[in-house]
Every structure is written in C-alpha cells, then in structure tokens.
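These notes are about the structure you will find just below.
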Amino acid sequence: MEILLDEMYTGLKPFLEALGWKVSSVEDVGLKGAADKEVVEYAERHEMVLVTQEHKVVGLARLKGIGCVFVGPAEVARVIDGKLRELEKAGK
C-alpha cells in the first residue's frame, strides 16, 4: 500500500517511512497547492491511500472509493490527552 500525504502532513513522511510505509507527499508528486480534486484523482490513478485533515478531500475520496485516513484536530487531541494522562499517572 502506498500513501499520499496531503500538504498539512508532509512532515510525517520520514516517520511513516521509518515504520515501513511507502510514502509520497503532494509536494513530491508536483501537486503542492493543487485543487483537492486533482489530489484525489492522483491518488486514484496511482492506487494510493490519502492521509488528510480536510473534510472536502475525505468526501471526494469516499465518493470515488479511494482509501483515505482522516486525522483531524480531535484525533490529535486524543493522542495528546492520552500522553498527558500517562505523564500524570507517572507523577511527572
């Protein structure tokens, strides 16, 4: 499975690669600043899974049956909350 990172998540590329994923960012494929539709169509043509925080991109991907991972503020907040609670339990 190959992943296409939308612009806001390009910084995750080295981390996902370190975990063994094949990853490209929209910048890597010449789509920086491109319309959402173009990004979704690129992912479709190349059979990639999109990672984004944009609801419109998720909606377009779902309409076309493209795999998509939505990581929005609520998901980020849950991770932070979990880590803070771990620190609190450890008395830090």
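Using DSSP to define loop residues, name the GluC sites (Glu not before Pro) in the range 32-84 whose beta-carbon has at most 11 other beta-carbon atoms within 10 Å. Please list the in-between numbers first.
On the way: sites: E38, E41, E44, E47, E54, E75; in loops: E47, E54.
Loop-located and lightly packed - E47.
Among G65, G20, G82, whose mean-square fluctuation peaks in a Gaussian network model of the chain (Cα, cutoff 10 Å)?
G82
In a Gaussian network model over the chain where Cα atoms closer than 10 Å are linked, find which of D36, D28, D81 has the largest mean-square fluctuation.
Largest GNM mean-square fluctuation: D81.
With 30 Å as the limit, write out which pairs from K13/K56; K22/K92; K37/K83 have Cα-Cα distances beyond it, or answer none.
Values: K13/K56 22 Å; K22/K92 36 Å; K37/K83 36 Å.
Too far apart for the 30 Å limit: K22/K92; K37/K83.
For the range 1-80, build the charge dipole from Cβ charges (+1 Lys, Arg; -1 Asp, Glu) around the Cα centre, then report which of V69, H46, A34 sits farthest towards its positive end.
Farthest along the dipole direction, towards plus: V69.
So for the chain, Kirkwood radius off the Cα pairs, Stokes-Einstein at 20 °C and 1.002 mPa s: how many µm² s⁻¹? Intermediate values should be presented prior to the final figure.
Details: Rh = 14.1 Å.
Roughly 152 µm²/s, to the nearest whole number.
Using only alpha carbon pairs under 8 Å that are at least six residues apart, calculate the relative contact order of the chain and give it in whole percent.
Numbers: 114 pairs, mean separation 23.0, N = 92.
Once divided by the residue count of the chain, the mean separation gives 25 percent.
If you put +1 on each Lys and Arg Cβ and -1 on each Asp and Glu Cβ, how big is the dipole of the chain around its Cα centre, in Debye rounded to 20? Could the numbers behind the result be given before it?
On the way: 13 positive and 16 negative charges, 71 e Å.
In total the dipole reaches around 340 debye.
If each DSSP helix of 4+ residues adds -39,500 (n - 2.57) and the sum is divided by the residues in the chain, what number results at 222 nm, nearest 500 deg cm²/dmol?
Result for the chain: -14000 deg cm²/dmol, rounded to the nearest 500.
Check each of the trypsin sites (Lys or Arg not before Pro) in the range 1-60 and keep only those in coil by DSSP with at most 16 other C-beta atoms within 10 angstrom; list them in order. Don't jump to the answer; show the numbers that get you there.
Details: sites: K22, K32, K37, R45, K56; in loops: K32.
Counting only loop positions with at most 16 other Cβ atoms within 10 Å, the trypsin sites (Lys or Arg not before Pro) in the range 1-60 are K32.
Readers should treat all values here as calculations from the given coordinates under stated rules, not as data from a laboratory. These numbers come from a predicted model, not from an experiment. Reconstructed Cβ throughout: ideal geometry from the backbone, glycine too, with neighbour counts over all protein chains shown.
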